[in-house]
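These notes are about the structure you will find just below.
The values are calculated or read from the model by the stated rules, or taken from the named source; none is laboratory data. All figures in this text were calculated on a predicted structure; none of them were measured in a lab. Here the Cβ positions follow ideal geometry from the backbone for every residue, glycine too, while neighbour counts run over all protein chains shown. Keep in mind that these areas ignore ligands, DNA and RNA; they rest on the heavy atoms of the full protein, side chains included. Shrake-Rupley method; radii C 1.70, N 1.55, O 1.52, S 1.80 Å.
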Amino acid sequence: MFERIAILGTGLLGTSLGLALREAGFKGSIAGWNRSAEGGREALAMGAVDLIASDAISLARQSDVVVLCVPIYSTLDYMEKLASELTPQQLVTDVGSTKGQITDAAGRLFNTPERAAFLPGHPMAGKERGGASLGEAGLFRGAVWLFTDDPAWQRSPRGAELAANWRDWVVAIGSKPIDLDAERHDELVAWVSHLPQFTATALSSLLEDQVGDAPELKHVGGRALREMTRLGASPFSMWRDIAHTNTTAIEAALLALEQRLAYIRENLRTPALREEFERANAFRRE
């Protein structure tokens, strides 16, 4: 249905999205904008976008669908800027990793007969490092793409059609759409995404302090070390906004992990340790 897609933010997710849409057969125009000129040039050279615009707002005005692939606070900022610039004939969506504030802003700024539609989204896909150069068409294949849309919002008929069409393209690039309440979304991702990240960050930081300068480390550290610390390479710039916009849920998950680690520490020589391993094995089997 739509012919012009604007991707604001041609980092890992934005570049991968452009490549995935092309691979899935999208024939319209895909234009990009990026804060870093280098990232924009990389996305253009890779064929993820047809052109890189110099102004994000002007590009958005000319597009049927605007995909915000920028950090969460930047997404909220662009939502404020775009709300009065777009028409009911346009759709805005995002890829933010927390949805509470974004979904609230969507209800306040969009999804009325006079405004563009906004469909909050979150693909459960990524890498520990970002950047256009790491983009790949298959990044979303087999991944869940979460939406926190509220059906009570009154979209224009055109907006509803665009939102449905966007969901179709999410399926076309290989993802599985799932709808969640925004609060439930943030609670779940705190456990399954944010907790693993901050655990890996803490472990990697601890290892850097304790054995980071050990010359034997590269020989002694094997697969377990690589797997447990892989996410430790993730940049602060990507995770700051997540920590700030999902603080309560992340705090609860981290506290629960702290208590569980203390329990294991206290039971290293009791039968309770076996029970912990049995629970862990059961989770991995599911």
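Key figures
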read-out	value
Mean separation of Cα contacts under 8 Å (6+ apart) over length of the chain, as relative contact order %	17
Rounded FRET efficiency, nearest 0.05, which uses the C-beta distance separating L225 from A37 and R0 of 30 Å	0.20
Sum of -39500 (n - 2.57) over DSSP H runs of 4+, divided by residues of the chain (222 nm, nearest 500)	-15500 deg cm²/dmol
Centre separation in Å (Cα based) which lies between the stretch 97-152 and the stretch 196-228	32
Solvent accessible area, Å² - F277, 1.4 Å probe, full protein context	130
Contour excess over end-to-end distance, with Cα ends at E114 and D150 and 0.36 nm allotted per residue	11.2 nm
D50 long-range amide H proximity, modeled H, under 5 Å	I30, A31, G32
Overall Cα dimensions of the chain - principal axes, largest extent first, Å	65, 42, 31
Area accessible to solvent at K99, 1.4 Å probe radius, in Å²	0
About the Cα centre, charge dipole magnitude for the stretch 151-286 (Lys/Arg +1, Asp/Glu -1 at Cβ), debye	420
Separation of the A24 and R4 label points, Cα + 7 Å toward Cβ, nm	2.1
Choice from A160, A202, A56 with maximal GNM fluctuation in the chain (Cα, 10 Å cutoff)	A202
Anisotropy class of the stretch 1-50 from Cα gyration tensor, a/c 1.5 cut	prolate
Sequence of W33, W166 when ordered by accessible area, the most exposed leading, probe 1.4 angstrom	W33, W166
Share of carbon and sulfur in the accessible heavy-atom surface of the stretch 66-197 [1.4 Å probe, %]	51
Pairwise FRET efficiency - Q89 versus R269, Cβ, R0 = 51 Å, nearest 0.05	0.15
Prolate/oblate/rounded label for the stretch 157-286 (Cα gyration tensor, a/c 1.5)	prolate
Whether the stretch 130-209 is rounded, prolate or oblate, judged on the alpha carbon gyration tensor where a/c under 1.5 counts as rounded	oblate
Rounded to the nearest 10 Å², the accessible area of E276 at probe 1.4 Å	20
The stretch 176-250, relative contact order in percent, only Cα pairs under 8 angstrom and at least six apart counted	49
Span-like helix ranges in the chain, DSSP H, alpha carbon extent 24 angstrom or more, Kyte mean at least -0.5	247-266
M228, M46, ranked by accessible area, largest first (probe 1.4 Å)	M228, M46
